[in-house]
Amino acid sequence: MKQDSDAVNVPACFISNHEGFLGSIKNFIKDFVVTEIDITGQRVNTAAAAAAAAAAAAATQTPDWASSDKNNESSAECKWNNYSLVSQDTDVSADCGLDVTIPSPGSFDLSVILGQPVSEELEQFVLTLKEKPTKQELSLGSFADKHHRANVHRAVRHRFPFLMTVTIQPEIRVREDPDYRELSQLVTEDEAEDFFRFIDAKVRGSSYMFGPDNDKEHRTAVHHFLSRRFGKLVETKSFTDQGTTAISVRLREQGRPKKRTAEERKEEEVYTAFTLRKENLETLEAISYMAAALGVLPSDFTYAGIKDKRAITYQSMVVKKVTTQRLKEKTAEFEKRGMRLSQIRSVSEPLRLGRLQGNHFDLVVRDLRPHSDAHSSGADKHTRLAVLVKEAVENVKARGFVNYYGPQRFGNVQSVQSDCVGLALLKEDMVSAVRLFFTPEDSNDPQSHAKRHFLQTDNAKESLALMPLSKARERLMLRALNRYGTGPDGCTQAWLSLPHSMRVFYPHAYCSRVWNEAVAHRLTTLGHSARQGDLVWVKEGTGETSSAQIHVVTDQEEQEEVYTLGHVLLPMPGNTVKYPENAMGTWFQERLARDGLDACRFRVSNLKLNLPGCYRPLLALPRNLSYQLQRAACGEGGGEGTGNCSRNSDRQLNGTTVEGKQDLLTLTLNLDLDSSCYATICLREIMKCDP
């Protein structure tokens, strides 16, 4: 049995009583294939094939897959607030606390756009400017392609908003922006940088709020500067709330930071959809690389959900500001990085997180054997395994499984898990969170060596030079630590250098661990039926006016068995959720207090993080579950081989096809799961062990 490094975060509490069996998964990448199921119920890879066929049959007509999906509801509505996207609401079918990628200082990888030597030279130029302002310029080189020049301008301005980029065709030079220098003498440097990013973002109707300022004379000076330098672009007002006054800046309806060409305006309205097949890559890692290569922000990519790394996955994506032609030109480059793009087409709007029905899984479990096979051998062992597998699959098909968050939720690091980092962030201990983040594995690989060097020396610059280019998160953090220092403020800036979806991953991991522990405690102490004080969903109203509401199970409803365990929900800790009104409510209070979070507001203001929480069903039920039990092909089991082997004719074991001559058995499973449900957890329930 192959143990997961963080299986401790997934308690061993099951819903069925079958015996199960042993086996291993993900021996090969091809053993774990995940295919997104879109809102129409189609798998995105088969939907793409169907769309292609339709397009070929009617080339002069607009294909179905190019139509707008405006009438479909998304699982989260987002709004601009202080230049950040904030999740307003979530659907129970979607993952809690939806991860929304927003622009951040580290969103562009300049080492990809400029090349590593020029990127490092630019970093040094910036450090020199910070120490001693100068009117000197730095040449970034010559760029013949206008799209490449535009990418350089956008990336440098976003990464370093205090710099001006100037083109003297085909050369691009940078120098300090005098307007930034003047503003930074009136407000903090962080506020000045955020303001310039707000100006460059060009989001219609958006606004930016400076920090509290009760000095009227100082506010007047800020108003005058903004009016003098940006009066055609913005309007400013002072607002007072609960005795505190601050300046709010709003883009004028017709204001633009610069006059844009018709081509630029057209590009901003372009949305290109595609199906991404990735292999052994994280979703955010794939997006970061594609964004850098295309010269756009990671936040310009939208997707319905994040997929496994150690797998072959298919998912829908939409990228903004990139034409179909430009995307097609990059497909060969992306394929070298384990990404294959298909069904590239124009659409009218971005995707939304949670805008999917679920995922389809094609799984292979190898090296099957009973938990106890001391008295079994040969055909008897295979017959017994066939009985065990059938019993297990039928049980889970009928009763479902405990809806734990899976190991992927807690990251793949063995030394320090993501939930520990999340706990430090919720306590607003930025330094500890950074040091936990950089805790190395017990190995000598380049990543661990770079992390170990940072913890031992506190030298971010040297550690950055040692960190592999593929480690985007670590490099973003180290760049910020090199620039701002390794104290509390510098560590805060390091976390802010990560996109929002990466930052919020860690507090979510902590809350997920608490949820997993809560489920195990609930089943152990209150049993497998709905009890008084449990939370369930109920529909109020009829027809189109009906809506789901949280309901607390009454004593009478418990006695009459109105609800089953399948109706019961448990809250993901957050600042808007209701807790059960029974022993579980007390358990949540005591559990959070044990980690020092009894007074936690589940907001980390410095990192612009807000965790509203949500409700997650205690049980999940697989759909369209089927299986096939086979003898392993030659070379399977210990590794992929190419040797010859003879085969007997296929035969049946209790209705299950078993073919070949090998002793080892392999189980193939095909199933559909709702979004945010984990196939590895379904396998745990089937096998009664960590696969």
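The values are calculated or read from the model by the stated rules, or taken from the named source; none is laboratory data. No experiment lies behind these values; they were computed from the predicted model shown. A quick note on method: Cβ atoms are made from the backbone with ideal geometry, for glycine too, and the neighbour counts reach across all protein chains shown. Note: accessible area is taken over every heavy atom of the protein model, side chains too, but ligands, DNA and RNA are not part of it. Shrake-Rupley method; radii C 1.70, N 1.55, O 1.52, S 1.80 Å.
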Residues in segment 542-561: is at least one over 18 Å from TYR405 (Cβ atoms), out of contact with any Lys or Arg (no Cβ under 7 Å at 6 or more places or on another chain), modelled with pLDDT of 95 or more and buried (at least 20 other Cβ atoms within 10 Å of the Cβ)?
-> no
List every residue pair whose Cβ atoms lie under 7 Å apart, where the two residues are 6 or more positions apart in sequence or sit on different chains, the first residue falls within segment 380-397 and is open to solvent by less than 40 Å² (accessible area, probe 1.4 Å), and the second residue, located anywhere, is of a type in the set (Val, Ile, Thr).
-> HIS382/VAL658; ALA386/THR656; ALA392/ILE686; VAL393/ILE686; VAL396/ILE686
In the set ARG631, ARG601, the lone residue that is among the charged types (D, E, K, R), surrounded by 15 or more Cβ atoms within 10 Å (Cβ to Cβ) and modelled with pLDDT under 95 is ARG631
Which numbered condition GLU137 fails, given (1) under 21 Å from ARG479 (Cβ atoms); (2) at pLDDT 80 or above | (1)
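Give segment 604-622 a look and list any residue that's farther than 30 Å from VAL396 by Cα, open to solvent by 40 Å² or more (accessible area, probe 1.4 Å) and in a loop (DSSP other than H, G, I, E, B), or say none.
The first filter runs over segment 604-622 and keeps only residues farther than 30 Å from VAL396 by Cα, leaving 604-612.
Still in the running and open to solvent by 40 Å² or more (accessible area, probe 1.4 Å): 605-606, 608, 610.
The answer is LYS608, and nothing else.
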In segment 558-587, anything under 19 Å from GLY527 (Cβ atoms) and among the charged types (D, E, K, R) is listed as GLU558, GLU560, GLU561, GLU581
Of everything in segment 125-164 that's within 24 Å of LEU183 (Cβ to Cβ) and without any contact (Cβ under 8 Å) to a residue 24 or more places away in the chain, which residue is farthest from the chain's Cα centre (by Cα)?
-> LYS132
With the condition kept exactly as written, say whether any residue in segment 102-110 is out of contact with any Cys (no Cβ under 6 Å at 6 or more places or on another chain), at pLDDT 85 or above and open to solvent by 30 Å² or more (accessible area, probe 1.4 Å).
-> no
If you check VAL434 against the conditions, is it in a helix (DSSP H, G or I), at pLDDT below 95, crowded, with 19+ Cβ neighbours inside 10 Å and among the aliphatic types (A, V, I, L, M)?
-> no
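Name every residue in segment 554-589 that is touching a Gly at 6+ places or on another chain (Cβ under 8 Å), under 18 Å from PHE602 (Cβ atoms) and part of a loop (DSSP other than H, G, I, E, B), in order of residue number. Give the derivation first.
Taking segment 554-589 first, the residues touching a Gly at 6+ places or on another chain (Cβ under 8 Å) are 566, 571-577, 579-585.
Pick out the ones that are also under 18 Å from PHE602 (Cβ atoms) and you get 571-577, 579-580, 585.
Across segment 554-589, the qualifying residues are PRO573, GLY574, ASN575, THR576, VAL577, TYR579, PRO580.
Counting residues that are open to solvent by less than 60 Å² (accessible area, probe 1.4 Å), closer than 25 Å to PRO133 by Cβ and of a type in the set (Lys, Arg), which helices (runs of 4 or more DSSP H) fully inside segment 164-244 reach at least 1? Spell out how you get there, then give the answer.
On the way: elements: 178-184, 189-201, 216-230.
Those helices (runs of 4 or more DSSP H) span 189-201.
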